[in-house]
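Have a look at the structure below, then the notes.
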Amino acid sequence: MSCIVVIGTYNEAENIPRLLADVLRLGPDYSAVVVDDNSPDGTGYLVSEIAAGEGRVHLIQRPARLGYATAYLDGFKVALSLGADYVVQMDADHSHNPKDIPRLIEAAKETDLVIGSRYMKGGATQGWPLRRRLISRTANLVVRFLLGLPVRDCTSGFRCFRRSTLERIDPTIVRSRGFASHYEIGYYCHRAGKTFREVPITFIDRQAGKSKLSWKIMLEALIVSLRLRVRGI
(Lines give C-alpha, C1' and ligand atoms only; values in the text may rest on other atoms or scores of the structure.)
Protein backbone atom coordinates (compact mmCIF):
# COMPACT_ATOMS: atom_id res chain seq x y z
CA MET A 1 0.00 0.00 0.00
CA SER A 2 1.21 3.47 -0.87
CA CYS A 3 -0.56 6.51 0.55
CA ILE A 4 0.32 10.03 -0.47
CA VAL A 5 -1.10 12.94 1.53
CA VAL A 6 -1.68 16.11 -0.51
CA ILE A 7 -1.52 19.37 1.44
CA GLY A 8 -2.16 22.80 -0.04
CA THR A 9 -0.39 25.69 1.68
CA TYR A 10 -0.41 29.45 1.77
CA ASN A 11 1.29 31.07 4.76
CA GLU A 12 1.42 27.90 6.84
CA ALA A 13 5.04 28.15 8.08
CA GLU A 14 3.83 27.84 11.68
CA ASN A 15 2.05 24.58 10.95
CA ILE A 16 3.65 22.62 8.13
CA PRO A 17 6.83 21.23 9.79
CA ARG A 18 4.95 19.50 12.58
CA LEU A 19 2.21 18.30 10.25
CA LEU A 20 4.71 16.68 7.90
CA ALA A 21 6.44 15.02 10.83
CA ASP A 22 3.10 13.62 12.02
CA VAL A 23 2.29 12.25 8.55
CA LEU A 24 5.67 10.58 8.09
CA ARG A 25 5.43 9.10 11.57
CA LEU A 26 2.49 6.99 10.39
CA GLY A 27 4.92 4.64 8.66
CA PRO A 28 7.11 4.05 5.61
CA ASP A 29 4.13 3.67 3.26
CA TYR A 30 3.11 7.29 3.85
CA SER A 31 4.43 10.23 1.84
CA ALA A 32 3.39 13.86 1.37
CA VAL A 33 3.03 16.27 -1.52
CA VAL A 34 2.90 19.91 -0.47
CA VAL A 35 1.58 22.43 -2.99
CA ASP A 36 2.67 25.91 -2.00
CA ASP A 37 1.48 29.08 -3.72
CA ASN A 38 4.62 31.14 -3.15
CA SER A 39 3.77 31.87 0.48
CA PRO A 40 5.27 35.18 1.67
CA ASP A 41 6.02 33.65 5.08
CA GLY A 42 8.49 31.14 3.61
CA THR A 43 6.34 27.99 3.82
CA GLY A 44 7.74 26.73 0.53
CA TYR A 45 11.32 27.24 1.67
CA LEU A 46 10.69 25.30 4.88
CA VAL A 47 9.19 22.41 2.93
CA SER A 48 12.10 22.41 0.46
CA GLU A 49 14.50 22.14 3.39
CA ILE A 50 12.57 19.20 4.80
CA ALA A 51 12.34 17.54 1.37
CA ALA A 52 16.09 17.84 0.89
CA GLY A 53 16.61 15.42 3.75
CA GLU A 54 13.47 13.31 3.43
CA GLY A 55 12.62 11.51 0.19
CA ARG A 56 8.99 11.01 1.18
CA VAL A 57 8.28 14.76 1.09
CA HIS A 58 7.67 16.38 -2.29
CA LEU A 59 7.16 20.08 -2.98
CA ILE A 60 5.24 21.70 -5.81
CA GLN A 61 6.23 25.35 -5.70
CA ARG A 62 3.82 27.49 -7.70
CA PRO A 63 4.69 31.05 -8.72
CA ALA A 64 1.69 32.81 -7.19
CA ARG A 65 -1.57 32.29 -5.36
CA LEU A 66 -3.38 30.32 -8.06
CA GLY A 67 -6.29 28.96 -6.05
CA TYR A 68 -7.25 26.29 -3.55
CA ALA A 69 -8.82 23.92 -6.07
CA THR A 70 -5.98 23.94 -8.58
CA ALA A 71 -3.48 23.38 -5.78
CA TYR A 72 -5.11 20.09 -4.87
CA LEU A 73 -5.70 19.07 -8.48
CA ASP A 74 -2.00 19.65 -9.19
CA GLY A 75 -1.14 17.66 -6.08
CA PHE A 76 -3.41 14.77 -7.09
CA LYS A 77 -1.70 14.59 -10.48
CA VAL A 78 1.75 14.36 -8.89
CA ALA A 79 0.56 11.82 -6.31
CA LEU A 80 -0.72 9.56 -9.09
CA SER A 81 2.53 9.94 -11.01
CA LEU A 82 4.40 8.83 -7.90
CA GLY A 83 2.38 5.62 -7.81
CA ALA A 84 -0.05 6.29 -4.95
CA ASP A 85 -2.67 3.62 -4.27
CA TYR A 86 -4.55 6.02 -2.00
CA VAL A 87 -4.49 9.81 -2.02
CA VAL A 88 -5.52 11.75 1.08
CA GLN A 89 -6.52 15.40 0.91
CA MET A 90 -6.13 17.42 4.09
CA ASP A 91 -5.58 20.96 5.35
CA ALA A 92 -2.26 22.24 6.66
CA ASP A 93 -3.52 23.90 9.83
CA HIS A 94 -3.96 20.85 12.12
CA SER A 95 -7.74 21.05 11.88
CA HIS A 96 -7.48 17.52 10.46
CA ASN A 97 -5.73 14.97 12.65
CA PRO A 98 -3.11 12.87 10.81
CA LYS A 99 -3.87 10.00 13.20
CA ASP A 100 -7.24 9.66 11.43
CA ILE A 101 -5.61 8.95 8.06
CA PRO A 102 -5.25 5.16 8.57
CA ARG A 103 -8.97 4.95 9.37
CA LEU A 104 -9.81 6.72 6.12
CA ILE A 105 -7.55 4.38 4.16
CA GLU A 106 -9.05 1.31 5.81
CA ALA A 107 -12.51 2.47 4.75
CA ALA A 108 -11.27 3.21 1.22
CA LYS A 109 -10.40 -0.46 0.76
CA GLU A 110 -14.13 -1.06 0.36
CA THR A 111 -15.35 2.14 -1.28
CA ASP A 112 -14.23 4.73 -3.81
CA LEU A 113 -14.26 7.97 -1.82
CA VAL A 114 -14.07 8.33 1.95
CA ILE A 115 -15.11 11.55 3.69
CA GLY A 116 -13.80 12.57 7.09
CA SER A 117 -17.15 13.65 8.47
CA ARG A 118 -17.96 16.21 11.14
CA TYR A 119 -21.70 15.74 10.80
CA MET A 120 -22.29 12.02 11.21
CA LYS A 121 -22.68 10.21 14.51
CA GLY A 122 -19.34 10.39 16.34
CA GLY A 123 -18.13 13.43 14.39
CA ALA A 124 -17.67 16.89 15.93
CA THR A 125 -16.08 20.31 15.69
CA GLN A 126 -14.03 21.95 18.42
CA GLY A 127 -13.22 25.60 18.96
CA TRP A 128 -15.63 27.03 16.40
CA PRO A 129 -17.70 30.11 17.28
CA LEU A 130 -21.39 30.10 16.44
CA ARG A 131 -20.85 32.10 13.23
CA ARG A 132 -18.52 29.49 11.75
CA ARG A 133 -20.82 26.64 12.71
CA LEU A 134 -23.73 28.40 11.01
CA ILE A 135 -21.72 29.04 7.84
CA SER A 136 -20.53 25.45 7.58
CA ARG A 137 -23.88 23.87 8.42
CA THR A 138 -25.81 26.12 6.04
CA ALA A 139 -23.42 25.58 3.14
CA ASN A 140 -23.54 21.84 3.73
CA LEU A 141 -27.34 21.75 3.76
CA VAL A 142 -27.52 23.77 0.54
CA VAL A 143 -25.12 21.40 -1.21
CA ARG A 144 -26.85 18.24 0.00
CA PHE A 145 -30.27 19.52 -1.05
CA LEU A 146 -29.29 20.74 -4.51
CA LEU A 147 -26.83 18.03 -5.53
CA GLY A 148 -28.23 15.01 -3.71
CA LEU A 149 -24.84 13.80 -2.54
CA PRO A 150 -25.14 10.66 -0.38
CA VAL A 151 -23.11 12.01 2.56
CA ARG A 152 -23.79 14.19 5.59
CA ASP A 153 -20.62 16.27 5.28
CA CYS A 154 -20.41 17.32 1.63
CA THR A 155 -18.07 20.22 2.37
CA SER A 156 -15.35 18.36 4.25
CA GLY A 157 -11.81 18.89 2.99
CA PHE A 158 -10.48 15.76 4.69
CA ARG A 159 -10.96 12.82 2.35
CA CYS A 160 -9.34 9.74 0.88
CA PHE A 161 -9.52 8.76 -2.78
CA ARG A 162 -8.71 5.41 -4.24
CA ARG A 163 -6.36 5.69 -7.20
CA SER A 164 -9.06 4.51 -9.59
CA THR A 165 -11.39 7.25 -8.36
CA LEU A 166 -8.98 10.09 -9.11
CA GLU A 167 -8.14 8.58 -12.48
CA ARG A 168 -11.78 9.09 -13.46
CA ILE A 169 -11.78 12.81 -12.64
CA ASP A 170 -11.00 15.17 -15.51
CA PRO A 171 -9.38 18.16 -13.77
CA THR A 172 -10.21 20.44 -16.69
CA ILE A 173 -13.93 20.30 -15.92
CA VAL A 174 -13.54 21.43 -12.29
CA ARG A 175 -14.45 25.10 -12.51
CA SER A 176 -14.48 26.01 -8.83
CA ARG A 177 -11.36 27.72 -7.56
CA GLY A 178 -12.11 27.70 -3.84
CA PHE A 179 -13.60 25.39 -1.24
CA ALA A 180 -16.52 24.59 -3.56
CA SER A 181 -14.18 22.20 -5.33
CA HIS A 182 -14.84 19.75 -2.46
CA TYR A 183 -18.41 19.18 -3.48
CA GLU A 184 -17.88 19.76 -7.19
CA ILE A 185 -15.44 16.85 -7.24
CA GLY A 186 -17.85 14.88 -5.05
CA TYR A 187 -20.63 15.60 -7.55
CA TYR A 188 -18.56 14.28 -10.47
CA CYS A 189 -17.66 11.17 -8.50
CA HIS A 190 -21.31 10.57 -7.64
CA ARG A 191 -22.37 11.09 -11.25
CA ALA A 192 -19.72 8.56 -12.34
CA GLY A 193 -21.24 5.97 -10.03
CA LYS A 194 -18.51 6.04 -7.41
CA THR A 195 -19.39 4.85 -3.92
CA PHE A 196 -19.01 6.99 -0.79
CA ARG A 197 -18.43 6.30 2.87
CA GLU A 198 -18.09 8.63 5.84
CA VAL A 199 -15.75 8.18 8.79
CA PRO A 200 -16.36 10.34 11.88
CA ILE A 201 -13.67 12.88 12.73
CA THR A 202 -13.26 15.71 15.20
CA PHE A 203 -12.44 18.92 13.36
CA ILE A 204 -10.32 21.23 15.53
CA ASP A 205 -10.10 24.94 14.82
CA ARG A 206 -6.71 25.94 13.46
CA GLN A 207 -3.98 26.31 16.07
CA ALA A 208 -2.01 29.02 14.24
CA GLY A 209 -2.67 31.47 11.44
CA LYS A 210 -5.89 33.05 10.23
CA SER A 211 -9.05 31.20 9.22
CA LYS A 212 -10.23 31.66 5.64
CA LEU A 213 -13.86 30.75 6.33
CA SER A 214 -16.45 33.50 5.71
CA TRP A 215 -20.03 33.99 4.56
CA LYS A 216 -18.70 34.00 0.99
CA ILE A 217 -18.41 30.24 1.40
CA MET A 218 -22.17 29.92 1.76
CA LEU A 219 -22.80 32.13 -1.29
CA GLU A 220 -20.30 30.09 -3.27
CA ALA A 221 -22.05 26.88 -2.19
CA LEU A 222 -25.35 28.19 -3.54
CA ILE A 223 -23.94 29.45 -6.85
CA VAL A 224 -21.84 26.37 -7.60
CA SER A 225 -24.57 23.93 -6.58
CA LEU A 226 -27.11 25.70 -8.78
CA ARG A 227 -24.71 25.62 -11.72
CA LEU A 228 -24.09 21.91 -11.30
CA ARG A 229 -27.78 21.18 -10.77
CA VAL A 230 -28.88 23.10 -13.87
CA ARG A 231 -25.99 22.53 -16.28
CA GLY A 232 -24.31 19.43 -14.90
CA ILE A 233 -20.87 21.07 -15.28
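The values are calculated or read from the model by the stated rules, or taken from the named source; none is laboratory data. What you see is a predicted model, and the numbers here were worked out from it, not measured in a lab. With ideal geometry, Cβ positions are generated from the backbone for all residues, glycine too; neighbour counts draw on all protein chains shown. Accessible surface is based on the protein model in full, side chains and every heavy atom, while ligands, DNA and RNA are left aside. Shrake-Rupley method; radii C 1.70, N 1.55, O 1.52, S 1.80 Å.
Once a ≥ b ≥ c are taken as the square roots of the eigenvalues of the Cα gyration tensor of region 1-140, is the result rounded (a/c under 1.5), prolate (a/b larger than b/c) or oblate (a/b not larger than b/c)? Here region 1-140 falls in the oblate category.
With the simple model of a label 7 Å out from the Cα in the direction of the Cβ, GLU110 to ASP29 spans 1.7 nm. Among the listed pairs LYS121/LYS216; LYS77/LYS109; LYS121/LYS194; LYS194/LYS216, those whose Cα-Cα separation exceeds 25 Å are LYS121/LYS216; LYS194/LYS216. Taking a ≥ b ≥ c as the square roots of the eigenvalues of the Cα gyration tensor, region 95-173 is oblate, since a/c reaches 1.5 or more and a/b is not larger than b/c. For region 99-131, the residues whose amide N sits under 15 Å from a probe point set 7 Å from the Cα of GLU54 along the beta carbon direction are 99. What the Cα convex hull of region 81-233 gives, in volume per residue, is 117 Å³.
Using a probe of 1.4 angstrom and keeping all protein chains present, the accessible surface of region 34-172 works out to 44 square angstrom per residue. Surface composition of the chain: carbon plus sulfur atoms hold 54% of the accessible area, using a 1.4 angstrom probe and ignoring ligands, DNA and RNA.
Contact order, relative form, for the chain: 24 percent (alpha carbon pairs under 8 Å, 6 or more residues apart, mean separation divided by residue count).
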